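A short worksheet on the structure shown next.
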């Protein structure tokens, strides 16, 4: 990833501000744990209010955290006046999302002027300490400038 | 879609039971509006607690409703003792999810013995009545039998 | 699709010129059959030189035709000086691509200034006349201007 | 990937036999370079007969090699009497496929009894030696037994 552009120096503050405005992250109980240039980690716990019919975290909720991780990973490499929009993503569900804890990582594999691509991995920490990959995402993000969108 | 298999006669009741156990649907304020063989419609409203940083419904939340619509559309055509699991999905975001109302439709394009494929469309009803396509999904679902999963 | 932009009057000629320069279309034996605003149809036949290990058309070859159909469908709605680039696509394989004839359709579901989204369907015409949907695509396309790319 | 199942001892021979029957690989000029348990590498060169309108390798051709790499990576971990079928894949195009040489790698991230998931990376070796990631794939594969399909 040596060709990734340098990040704007103020990216961490902008990222934390934007994350704090994602109300859905509070609903998920999700917390921003790592905010590096090109890489973001979100952590969250299993919550009964977010489950599907078998008691696992709903695939869409795992995707919500993955999309924020991927989108913000791309955001760290964007200009200071840019907002990030998700164009599309694809998710593979590899294991039932039992939890109890989840670590969701997004990292940039291409940072373009207009289009960026990030990959996400959702790991669950099972009781006893085993870590399992429960979902993957590939997301395509767009750098948006001059449309009146805040970060 | 003439080659779709006949649905088990009790599919509507099983679908309603299963939907009622998806706790996340209550969190979203989502309601099952149509449950036909091979086609399911879910309706929901914009909620501040489910938004991203610009005030739109988070793409992952739209995906949550789309995944349930697609998964349950496939479920309507499965045997009476089967559970449905999502293997993967892909979502394109076409317009900011402003709402205020959303109609999310899932319909089966292939119902196989093991693998089914469904497509989803998320429409938003804007103030004044215009209806806009705000997201699409293609989902791959698996028929699961004999693994101790309830519907 | 009432909100699709009007096509540049010369789009058919530009499309035919561009298609003729896609050397891979000759290798596939693919022919441009329909070139309407927002919709393109390509036809081709099963060829032994394009098969996978079971004698079916390789999924990547079906994807090649689908990508051209989707890309060119988007291209029909772009400005006269624009080139089209595929950002990403997703393909579901629904039935073995036996042929002997294939009709591959791409149609635009969103035509944006920078980003367009098209859906593709690959139908096969089996001996006896039955038509089967053998693959679907969702593709994200980009309008490229001022980078020195011809159509 | 410590949880991947042990490969059947004869997997390399089966893989080479199957690859040799993929006629499209000859059309592409593609060669099987690495065949390890859970990981396959294919190499190929840019060919004018496989290009799109700007002279780059067509995205569908890159996808053809990626799909074979991903599918065969999954195949290495399947039982001796199994065939592999691609259910779906998603491709992101990161850079124009100029070549002149391509190294396409597929590796398994989940090997299930019925469903496996593999990721692919297409690298191009530019003149002067730089290596660029030009495309990625996530593919979902199915283990097929008892349907009369050879490898």
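All of the numbers you see were taken from the coordinates with simple rules; none came from a lab. Since the structure is predicted, the reported quantities are computational estimates derived from the model, not experimental observations. Virtual Cβ from ideal backbone geometry, glycine too; neighbours counted across all protein chains shown.
Of note:
- Shielding by partners, peptide C:45-56 (average Cβ within 10 angstrom, other chains): 6
- Taking all pairs of distinct alpha-carbon atoms in the range A:109-151, Kirkwood radius in angstrom: 12.9 Å
- Cα-only Debye scattering, the range D:65-151: base-10 log of I(q)/I(0) at q = 0.11, 0.16, 0.19, 0.24 Å⁻¹: -0.34, -0.61, -0.77, -1.03
- Take each residue in D:60-71, count the other chain C-beta atoms within 10 Å of its C-beta, and the mean is 6.
- Distance between the range A:102-141 and the range C:94-141 - C-alpha centres, whole angstrom: 30 Å
- Calculated label separations, residue B:29, copies of the chain, 7 Å along the beta-carbon direction, nm: 2.3, 5.8, 6.0
- Closest Cβ on chain C to the rotation axis that carries it onto B (distance rounded to whole Å): C:90, 2
- Applying Stokes-Einstein at 25 °C and 0.890 mPa s to the Kirkwood radius of chain C, computed over alpha-carbon pairs, gives a translational diffusion coefficient of 159 µm² s⁻¹.
- Residue A:101 label point (Cα plus 7 Å toward Cβ) to equivalent points in the other copies: 4.4, 4.6, 6.2 nm, shortest first.
- Cα principal axis extents for the range C:54-100, largest first, Å: 43, 21, 13
- Each residue, residue D:34 and residue B:33, gets one label point 7 Å from its Cα in the Cβ direction; the gap between the two is 5.1 nm.
- Among C:106-112, B:104-110, B:72-78, the order from most to least packed when residues are scored by Cβ within 10 Å on average: B:72-78, B:104-110, C:106-112
- Shown for residue A:8: label points 7 Å from Cα along the beta-carbon vector, and their distances to the equivalent points in the other copies, 3.3, 5.4, 5.6 nm in ascending order.
- Descending semi-axes in whole angstrom, ellipsoid equivalent of the range B:1-61, from the Cα gyration tensor: 29, 14, 8
- For the range D:1-121: relative contact order, % (alpha-carbon pairs under 8 angstrom, 6 or more apart): 30 percent
- Shielding of peptide B:75-85 by partners, expressed as the average count of other chain Cβ atoms within 10 Å per residue Cβ, is 1.
- Span per principal axis, largest first, for the Cα atoms of the protein assembly as shown (Å): 55, 54, 46
- Protection proxy ranking, peptides B:139-151, D:122-134, average beta carbon neighbours within 10 Å, highest first: B:139-151, D:122-134
- Helix D:59-75 and the longest principal axis of the Cα set of chain D meet at an angle near 30°.
- Between helix B:11-21 and chain B: long-axis angle, C-alpha atoms, 0 to 90°, nearest 10: 50 degrees
- What separates the Cα centres of the range A:22-89 and the range C:28-77 is a distance of 36 Å.
- With the helix formula -39500 (n - 2.57) applied to DSSP H stretches of n ≥ 4, chain D reaches a computed 222 nm mean residue ellipticity of -7000 deg cm²/dmol.
- Ordering C:90-97, D:6-13 by mean Cβ neighbour count within 10 Å, with the highest value first, yields C:90-97, D:6-13.
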